[in-house]
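Computed from the coordinates by the stated procedures, all read-outs in this text should not be read as laboratory data. Model, not experiment: these values are computed from the prediction. Cβ sites come from the backbone with ideal geometry, for glycine too, and all protein chains shown count toward neighbours.
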Amino acid sequence: MKTTVKLFGVFTAFLLSYSVASAQCEADKYTDKCMEKLSTGYTFMKSYKIDGNGGNKPKVEYSYVFSKGTNYMVTLANKDPELKGMSLSLYDSSRKLVASNKVDNKYFSAIGYTCAATGIYYLTFTFDDTQDYCAAAVLGFNSKK
């Protein structure tokens with residue numbers, strides 16, 4: 001009887017761990033899509049995993065130091081080709097909005113920004129009316145003026 005109870009416990013633990021693991025965000029599979037969207041002349045800098053934890057994290061934020069006069073591009077990808085519900089807002093060091101991929105309720109898969117002042121910039125990703133809380137982004141730069 002004890003063996004049966006132990007086996008049942010092990011089996012139950014396996015099923016629970018499998019269901020949790022299968023619900024995890026696998027954002028890495030979207031990184032290649034982001035790389036493909038990076039325009040010619042832009043150099044890859046960093047990739048970002050955007051994991052909304054199944055809706056428990058409505059906002060995911062990263063920061064990066066941008067340099068004055070440099071052109072930056074951020075590309076996004078998730079399972080929806082039209083990126084419905086995946087918003088990116090770029091804020092400067094004063095938390096002033098300087099760029100967004102959402103314009104007139106349409107989501108674009110990339111934004112470009114020419115840095116006006118060196119400082120810390122914030123990439124804020126939010127999920128708007130979506131059931132998909134998993135995405136990736138890639139940051140690239142082009143210093144040609």
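Just a few scattered comments:
- Spacing of the two label points (7 Å from each Cα toward its C-beta) at Ser39 and Glu61, in nm: 2.8
- Computed over the stretch 26-142, the quotient of the alpha carbon radius of gyration and 2.2 N^0.38 Å is 0.98.
- Set Lys33/Lys57; Lys29/Lys79; Lys29/Lys57 screened for pairs whose C-alpha atoms are more than 18 Å apart: Lys33/Lys57; Lys29/Lys57
- A Förster radius of 25 Å combined with the Cβ-Cβ distance from Gln24 to Lys46 puts the calculated FRET efficiency at roughly 0.70.
- Net lengthening on full extension, Asp129/Lys84 (0.36 nm per residue, minus Cα-Cα): 15.4 nm
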